[in-house]
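A short worksheet on the structure shown next.
The values are calculated or read from the model by the stated rules, or taken from the named source; none is laboratory data. Predicted model only: the values in this text are computed from it and were never measured. Cβ atoms come from the backbone with ideal geometry, glycine included; neighbour counts cover every protein chain shown. Accessible surface is based on the protein model in full, side chains and every heavy atom, while ligands, DNA and RNA are left aside. Shrake-Rupley method; radii C 1.70, N 1.55, O 1.52, S 1.80 Å.
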Amino acid sequence: MNEADPQHIGVTAGAGLAARLDRTNELLQRMLVEVAKTPSTHAIFVDAGYVYAAAGLLVTGTEDRRSFDLDAEGLIEAFIDKARTIFADSRLLRVYWYDGARRRIHTTEQQAIAELPDVKVRLGNLNANNQQKGVDSLIRTDLESLARHRAISDAALVGGDEDLVSAVEAAQGYGARVHLWGIEAGEGRNQAEPLLWEVDSQRTFDLDFCRPYVTRRPVTMYEDDTPAPSREDVRFVGAQIAAAWLAARGRESLADLLPGHPYLPGSVDQDLLVEAERLLQHSLRGHAHLRRALRDGFWQHLQAQY
């Protein structure tokens, strides 16, 4: 047969095509085997503002962070344990903890959370009304980026803001499944309906789940029929407390605190107020000018030591 014969050429081309198809099928089989060996991965995304407000209201009846303590470490571990049960054949990438802070400077509490294993703290800003700004965009950026790079197959999102809908849509667009976790509301709902409609599954944590991690701060009542202390007395007490604070925490903590001047992290400010009232045996809750004097004394001592 002449090699230029069209029939011969067709047979040769067909054989080459069959060989390439066999090679492609072999490569696909290898890829599928490798994919099967690769465990799925999940991450947990926690809107801390939502958690504090919802858990505080459910357990203590108030959303005011200054009125209760949240065992963030214990709660994060509980979320991780729950994820292990739900995503049994998956490994944890990490927990993302989103919160607000003035000038995006970590508070003492946020520093402690950031030091936990498998936890990354992301900070938005905190405005003058203690409202978080920029947290939703941080969640969207992380969710979308991890889904786009196939770093996660499942995302557990603890939050309730309608602005998170776009984050869910972005992650789902890259093939990730998004599971909305919430905290039981005493009345009605504390999660936006459009968010509930968009996610792949929903789960709500009840009072029994949340109660071990939320503790109301004790409130000491003082008689107000005694004369209020002077500004100088209060300023002096502020300096006293600052000296004790510095002795307990060291100069390294002072260096972290100073950039936030004249603002104090919420937890430090609350502890300062409670300790001052104990020393003065007088409530400062209705005396804004005395609370300012207290903070002035606290800052004045710390700045003198730097």
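Worth a mention:
- Residue identified as farther than 30 Å from R150 by Cβ and among the hydroxyl-bearing types (S, T, Y) among T108, T85: T108
- From the list V234, V214, the lone residue that is surrounded by 14 or more Cβ atoms within 10 Å (Cβ to Cβ), under 17 Å from L290 (Cα atoms) and modelled with pLDDT of 80 or more is V234.
- Those helices (runs of 4 or more DSSP H) of region 251-306 in which 3 or more residues are surrounded by 17 or more Cβ atoms within 10 Å (Cβ to Cβ) occupy 266-280, 288-305.
- Of the residues making up region 149-195, those that are touching a Lys or Arg at 6+ places or on another chain (Cβ under 8 Å) and not small (G, A, S) are D154, L164, Y174, H179, L180, W181.
- Qualifying residue in region 257-274 (condition: more than 25 Å from N125 (Cβ to Cβ) and either touching a residue at least 12 places away in the same chain (Cβ under 8 Å) or charged (D, E, K, R) (or both)): yes
- Where a residue in region 48-71 is farther than 23 Å from V95 by Cβ and its partner, wherever it lies, is aromatic (F, W, Y) and open to solvent by less than 20 Å² (accessible area, probe 1.4 Å), with Cβ under 9 Å and at least six apart: T60/F68; T62/F68
- If you go through region 163-188 and keep only what is out of contact with any helix residue (DSSP H, G or I) (no Cβ under 8 Å at 6 or more places or on another chain) and within 22 Å of Y52 (Cα to Cα), you end up with E187, G188.
- Listing of strands (runs of 3 or more DSSP E) fully contained in region 95-202 that carry 1 or more residues being in contact with a Phe, Trp or Tyr (Cβ under 6 Å, 6 or more places away or on another chain), modelled with pLDDT under 95 and surrounded by fewer than 20 Cβ atoms within 10 Å (Cβ to Cβ): 119-126
Condition check ((1) within 21 Å of the chain's Cα centre (by Cα); (2) modelled with pLDDT of 90 or more; (3) open to solvent by less than 50 Å² (accessible area, probe 1.4 Å)) across all residues:
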residue: A15; (1), (2), (3): no, no, no
residue: L21; (1), (2), (3): no, no, no
residue: E34; (1), (2), (3): no, no, no
residue: T38; (1), (2), (3): no, no, no
residue: G49; (1), (2), (3): yes, yes, yes
residue: A55; (1), (2), (3): yes, yes, yes
residue: A78; (1), (2), (3): yes, yes, yes
residue: K82; (1), (2), (3): yes, yes, no
